[in-house]
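Participant: One structure, as structure tokens, below. Some questions next.
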Amino acid sequence: MRDFLEISTVGRDGLEAILEYASADLPKVLAGKGVALVFEKPSLRTRSSSEMAAVSLGAHPLYITDAEVGIDKRESAEDISVVLAGYHSAIAARVFDHRVLERMAGSLREAAVAVPVINLLSDRSHPCQAVADLLTIQQRFGGLQGVEIAYIGDSNNVALSLAEAAALAGAKVRVASPEGYDFDAGTRDRLAGIGEVSFGEDPLQAARGAKVVYTDTWTSMGQEAEAAERRAVFGPRFQVNAALMSRAADDAIFMHCLPAHRGEEVTDEVIDSPASLVYRQAANRMPAFKGILYWAVAG
Ligand code: CP
Ligand code: NVA
């Protein structure tokens with residue numbers, strides 16, 4: 001069994017295997033087993049896709065909210081994960097603080113319990129989303145090698161996992177974020193060490209000739225108090241609109257992990273255009289999670 005906390009720790013071979021599993025007809029390796037899905041934050045796509053993917057491998061998924069378990073309030077993250085491992089073959093969690101996932105995985109390893117922990121989004125990263133993103137790009141362009149991807153907006157959890165995954169897969173990533181909302185120097189160096197990832201503050205330059213234009217919300221879950229300030233920093237320069245899309249390749253696609261804030265990071269015109277693959281991308285969360293879960297428990 002293997003934890004799935006970050007794309008970078010999964011590595012190139014792991015990512016390749018997960019993408020293959022995502023497109024394969026897999027045996028029901030989790031027949032009669034439980035999969036715990038713990039959510040500290042709301043979700044539409046991640047909950048539905050992980051539940052249905054678990055069912056497709058024969059498992060019984062159990063959705064658990066933080067209101068019930070109270071991570072580090074009612075019980076410690078360590079106690080919760082070791083107790084859940086008594087009933088479930090995998091523990092997947094969406095948390096505010098990424099370190100909670102690391103503590104969960106650490107407590108299971110310390111207790112010599114062979115139950116993987118899967119990251120369903122943390123403040124640091126969203127690796128399940130990145131697998132679905134690669135699947136979508138692969139389906140559209142027939143591969144990932146050399147595909148130019150422009151990520152426009154906040155250098156957030158989605159951006160980090162996308163950059164790691166795309167770089168590992170041989171794509172070329174250009175990230176454009178406003179100063180102060182970009183990756184720190186250490187993260188930039190680390191990403192550039194994985195593959196072709198570059199950084200700047202000019203959305204139009206990043207978009208030039210790109211096959212994929214990707215954006216995400218300017219205000220992630222947990223940052224709501226900063227929303228007005230962020231709108232002032234990002235808008236209107238970092239909005240993906242028709243003018244920005246016109247800089248990209250003629251056959252460029254638009255991607256967004258969703259939920260979208262129409263009129264902020266993307267216009268209706270772009271997200272509702274034929275170039276937009278956002279619903280395909282959302283649907284791909286299901287096969288992506290099937291591949292991740294299979295890799296984690298049986299790959
Ligand atoms: N993209 C994504 O993770 O959506 P949810 O927050 O609805 O799960
Ligand atoms: N960056 C967003 C992604 C939501 C799926 C957030 O963390 O809220």
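The values are calculated or read from the model by the stated rules, or taken from the named source; none is laboratory data. It should be emphasised that the depicted structure is a prediction, and the values quoted were computed from it without experimental measurement. When we count neighbours, we look across all protein chains shown, and the Cβ atoms used for this are built from the backbone with ideal geometry, even at glycine. Note: areas computed on protein heavy atoms with side chains; ligands, DNA, RNA excluded. Shrake-Rupley method; radii C 1.70, N 1.55, O 1.52, S 1.80 Å.
Participant: Assess whether E196 counts as being within 14 Å of L15 (Cβ to Cβ) and of a type outside the set (A, V, I, L, M, F, W, C).
Facilitator: Considered against the rule, which asks whether it is within 14 Å of L15 (Cβ to Cβ) and of a type outside the set (A, V, I, L, M, F, W, C), E196 comes out as no.
Participant: Of all residues in the range 77-106, count the ones that are buried (at least 19 other Cβ atoms within 10 Å of the Cβ) and within 16 Å of ligand 1 (Cβ to nearest atom).
Facilitator: Residues flagged as buried (at least 19 other Cβ atoms within 10 Å of the Cβ) and within 16 Å of ligand 1 (Cβ to nearest atom) within the range 77-106 amount to 5.
Matching residues to (1) closer than 30 Å to D79 by Cβ; (2) within 18 Å of the chain's Cα centre (by Cα); (3) without any contact (Cβ under 8 Å) to a residue 40 or more places away in the chain:
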site	(1), (2), (3)
G106	yes, no, yes
I118	yes, yes, no
H126	yes, yes, no
A132	no, yes, no
P178	no, no, no
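Participant: Looking at G222, G209 in this structure, which one is under 19 Å from D123 (Cα atoms), out of contact with any Cys (no Cβ under 7 Å at 6 or more places or on another chain) and modelled with pLDDT of 95 or more?
Facilitator: Matching residue, one of G222, G209: G222.
Matching residues to (1) surrounded by 22 or more Cβ atoms within 10 Å (Cβ to Cβ); (2) over 22 Å from A85 (Cα atoms):
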{"position": "I7", "(1), (2)": "yes, yes"}
{"position": "G11", "(1), (2)": "no, yes"}
{"position": "S23", "(1), (2)": "no, yes"}
{"position": "L30", "(1), (2)": "yes, no"}
{"position": "R45", "(1), (2)": "no, yes"}
{"position": "L62", "(1), (2)": "no, no"}
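Participant: Among the numbered conditions (1) of a type in the set (A, V, I, L, M, F, W, C); (2) touching a strand residue (DSSP E or B) at 6+ places or on another chain (Cβ under 7 Å); (3) within 16 Å of ligand 1 (Cβ to nearest atom); (4) within 19 Å of A166 (Cα to Cα), tell me where V213 comes up short.
Facilitator: (3)
Participant: Sticking with this one: Which of the following residues is in contact with a Pro (Cβ under 9 Å, 6 or more places away or on another chain), surrounded by fewer than 20 Cβ atoms within 10 Å (Cβ to Cβ) and closer than 28 Å to H98 by Cβ: E224, E201, E196?
Facilitator: Answer to the check: E201.
Participant: On to the next question. For the range 107-145, which positions are more than 13 Å from ligand 1 (Cβ to nearest atom), in a helix (DSSP H, G or I) and in contact with a strand residue (DSSP E or B) (Cβ under 9 Å, 6 or more places away or on another chain)?
Facilitator: Answer for the range 107-145, where residues must be more than 13 Å from ligand 1 (Cβ to nearest atom), in a helix (DSSP H, G or I) and in contact with a strand residue (DSSP E or B) (Cβ under 9 Å, 6 or more places away or on another chain): L108, I137, R140, F141.
Participant: Okay, moving on. Does any residue of the range 156-164 turn out to be in contact with a Cys (Cβ under 7 Å, 6 or more places away or on another chain) and within 14 Å of ligand 2 (Cβ to nearest atom)?
Facilitator: Yes, the conditions are met somewhere in the range 156-164.
Participant: So, one more: Does R174 count as part of a helix (DSSP H, G or I), over 24 Å from R45 (Cα atoms), basic (K, R) and open to solvent by 10 Å² or more (accessible area, probe 1.4 Å)?
Facilitator: No: the conditions fail for R174.
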